[in-house]
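The values are calculated or read from the model by the stated rules, or taken from the named source; none is laboratory data. Computed from a predicted structure; not experimentally measured. Cβ sites come from the backbone with ideal geometry, for glycine too, and all protein chains shown count toward neighbours.
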Amino acid sequence: MKKLLSTLLLFGGFVYSQNGIPTDYFSNPLDINMVLAGNFGEMRANHFHSGLDIKTEQREGLPVYAPADGYVSRINVQHYGYGKALYILHPNGYTTVYGHLRSYAGEIEKYVKDTQYKKETFELELFPEKTMLAVKKGDLIAYTGNTGGSGGPHLHFEIRDSSQRPMNPLLFGIEIPDSRTPIVSAVFAYPIGEDAHVNQGQNRTKLRLIKQKDGNYKTESLTAYGKIGFGITTFDQQDGASNKNGSYKINTRFNGTEKFEVLFNKFDFSETRYLNRYTDYNYYETNKSMVQKLFRESNNPLSIITKEDDNGYITVKDSLASIYTIEVLDFKGNTMQVSIPIEGKKLELLDPKKVEKTDDYIYADHATSITKGKFSIYIPANSLYEDTYLDIKDEGDILKFHEDIIPIHSNISITADISNYKEEDKDKLYIGRLNYKGLPYYTSTTRNGDKLTGKTRTFGSYTVAIDTTEPEIKPINFAEGKWISNQNFLKVKITDDLSGISSYRGTINGKFILMEYDYKKDVLTYNFNDNVNLETENNFKLIVIDNVGNSATFEAKFFRKQP
Ligand SMILES: [Zn+2]
């Protein structure tokens, strides 16, 4: 077993690893055992995970402590994404990031609230001056939560370098016990060359895995010829949790010679969507499992690929036996190996490459415009990773725009002619993507006269949808004319049937109140501790607007004992 941090060097009181990363600078941000729900680099929909998801004992509100001296350099409050996030810049140039927080602590919380009231908004992004919110190692800075796009209470913790590239926090000496070997759940072969084949087929082939006595795997022997790549589905579990996290390193060899290495040490946010190029997108969309392709195709700039020979492909010659091996390692060096015996044989093709030809062949590096009935599509250059046939049809009000089995890298526009709609309806239209229930899911839409344009990065069926219904507002813990002196919060449920919630604004007695929006529960919450000039008799008013501008107003009177 190779130890990554085998040589430790001492500089100015701090311990550095061979690659110059300080290994005792950051302490754990939580004072509970570090158990991970997710690790660095693991594969998620459209992105690589950029930090550690630290479990918080299924609850919210655990104190978060500054892992080193520094200052609050950024605060971001969003409905989606990281929810309430905090960024601390440390004097050594690294930034630590905390996501999905329930709230900030002390002076930080006060500064955020004051600014939210001043700007009359929940969502905001702030970049405080260096001297404003300095922190010392061990200071209480926030409380863990479940805000934004989080599926359960946890702390999202990141360490970024001075160029804001996320790095693997484990490189910094954060200790996660891991005695378990990575699991390989499937291996695939991809014939690439024109005359290449695997077992006489030219399509993706799943190989049968045979467990060996030593715990490693072998596959059935293949007959193959020509240029071939391989793919793998794998995960790693650490001690104390059953979560299927990502591996740390994968390397491949062909007859003993290194072919390819993937290493999850760091990446740049500008690269993260290329995950869809690196993984088998078609397989993921149909099987919900991510195959990592252990070769680099065109338009894949990923820097996690740290070694490659002929882009990771092998070339199998006729009448030669060879062996291809894949090694998967976790951060602790636990290793799983898969050996693939290959018999070189040029054979007749029984299952040639399947290509579905259509009228619309798209060159990835060209911009393309296509018109079908009342719809026109604009595909900017490099929105697609490779040249491909697209299956595009208009069926009256529905545009069938291929199938969600090919990834889209950057926005494609779909424009619909709406001249045949009634004038008063035109403002209530949007471009919707039909979900599995056939309901039109809102895509960001703009209108220019009789042209309605939606932007998308997903293939599928689109339609012009109309939303004429205003959002619904329902009080949760109060009612018109009631006394609610004992309530700490005012809670309201807000929903919209089609286009979705766009904005909201609450007031009490005409004064703005901060309402926090939890889109996962459709709930707006006001905290009475915010102390907005309350009287005994109070008038609450809430306006909610959907994505096409339908507006709903809710008003209620409530009573509260004066302190
Ligand atoms: Zn996370």
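Some observations on this one:
- Any hit, the range 483-495, residues being in a strand (DSSP E or B) and either at pLDDT below 95 or over 30 Å from residue 529 (Cα atoms) (or both): no
- The listed residue being of a type outside the set (A, V, I, L, M, F, W, C), over 27 Å from the mean Cα position of the chain (by Cα), away from the ligand (no atom under 14 Å from the Cβ) and exposed (fewer than 15 other Cβ atoms within 10 Å of the Cβ), out of 130, 113: 130
- The set of residues in the range 507-534 being under 29 Å from the mean Cα position of the chain (by Cα) and part of a loop (DSSP other than H, G, I, E, B) consists of 514, 515, 519, 520, 521, 522.
- Top-ranked residue in the range 36-71 [being in contact with a strand residue (DSSP E or B) (Cβ under 7 Å, 6 or more places away or on another chain) and of a type in the set (Phe, Trp, Tyr); ranked as farthest from the ligand (Cβ to nearest atom)]: 71
- Wholly enclosed strands (runs of 3 or more DSSP E) of the range 335-385 bearing at least 1 residues surrounded by 14 or more Cβ atoms within 10 Å (Cβ to Cβ) and in contact (Cβ under 8 Å) with a residue 60 or more places away in the chain: 335-344, 375-379
- Checking each residue in the range 193-221 for being under 17 Å from residue 318 (Cβ atoms) and aliphatic (A, V, I, L, M) picks out 196, 198.
- Enumeration of residues in the range 110-131 that are touching a residue at least 12 places away in the same chain (Cβ under 8 Å) and of a type in the set (S, T, N, Q): 116, 131
- Residue in the range 535-556 that is nearest to the chain's Cα centre (by Cα), counting only those that are surrounded by fewer than 18 Cβ atoms within 10 Å (Cβ to Cβ) and outside any strand (DSSP E or B): 549
- Positions within the range 200-246 being touching an Asp or Glu at 6+ places or on another chain (Cβ under 8 Å), assigned to a strand (DSSP E or B) and more than 16 Å from residue 181 (Cβ to Cβ), in sequence order: 201, 207, 210, 222, 223, 224, 225, 226, 231
- Residue ID - farthest from the ligand (Cβ to nearest atom), chosen from residues in the range 151-194 that are part of a loop (DSSP other than H, G, I, E, B) and buried (at least 22 other Cβ atoms within 10 Å of the Cβ): 182
- Some residue of the range 79-89 being within 30 Å of residue 293 (Cα to Cα), within 16 Å of the ligand (Cβ to nearest atom), surrounded by 21 or more Cβ atoms within 10 Å (Cβ to Cβ) and among the small types (Gly, Ala, Ser): no
- Of all residues in the range 386-403, those that are loosely packed, with under 14 Cβ neighbours inside 10 Å and without any contact (Cβ under 8 Å) to a residue 24 or more places away in the chain total 2.
- Hits in the range 20-29 - residues which are part of a loop (DSSP other than H, G, I, E, B) and either closer than 30 Å to residue 280 by Cα or more than 14 Å from the ligand (Cβ to nearest atom) (or both): 20, 21, 23, 24, 25, 26, 27, 28
- Only one of the listed residues (527, 509) is over 20 Å from residue 123 (Cα atoms) and of a type outside the set (D, E, K, R). That residue is 509.
- Annotation: of all residues in the range 90-109 being within 16 Å of the ligand (Cβ to nearest atom) and in contact (Cβ under 8 Å) with a residue 60 or more places away in the chain, the one that is farthest from residue 165 (Cα to Cα) is 98.
- Of the residues screened, residue 223 is one that is surrounded by fewer than 16 Cβ atoms within 10 Å (Cβ to Cβ) and more than 25 Å from the chain's Cα centre (by Cα).
- Selection of the range 298-324 for residues being acidic (Asp, Glu) and more than 19 Å from residue 344 (Cβ to Cβ) yields only 308.
- For the range 490-511, the count of residues that are touching a Lys or Arg at 6+ places or on another chain (Cβ under 7 Å), among the aliphatic types (A, V, I, L, M) and within 17 Å of residue 549 (Cα to Cα) is zero.
- Once the range 90-107 is narrowed to residues that are more than 17 Å from the chain's Cα centre (by Cα) and within 18 Å of residue 40 (Cβ to Cβ), the residue that is surrounded by the most Cβ atoms within 10 Å (Cβ to Cβ) is 96.
- For the range 291-298, the count of residues that are under 32 Å from the mean Cα position of the chain (by Cα) and free of Cβ contacts under 8 Å to residues at least 40 places away in the same chain is at least one.
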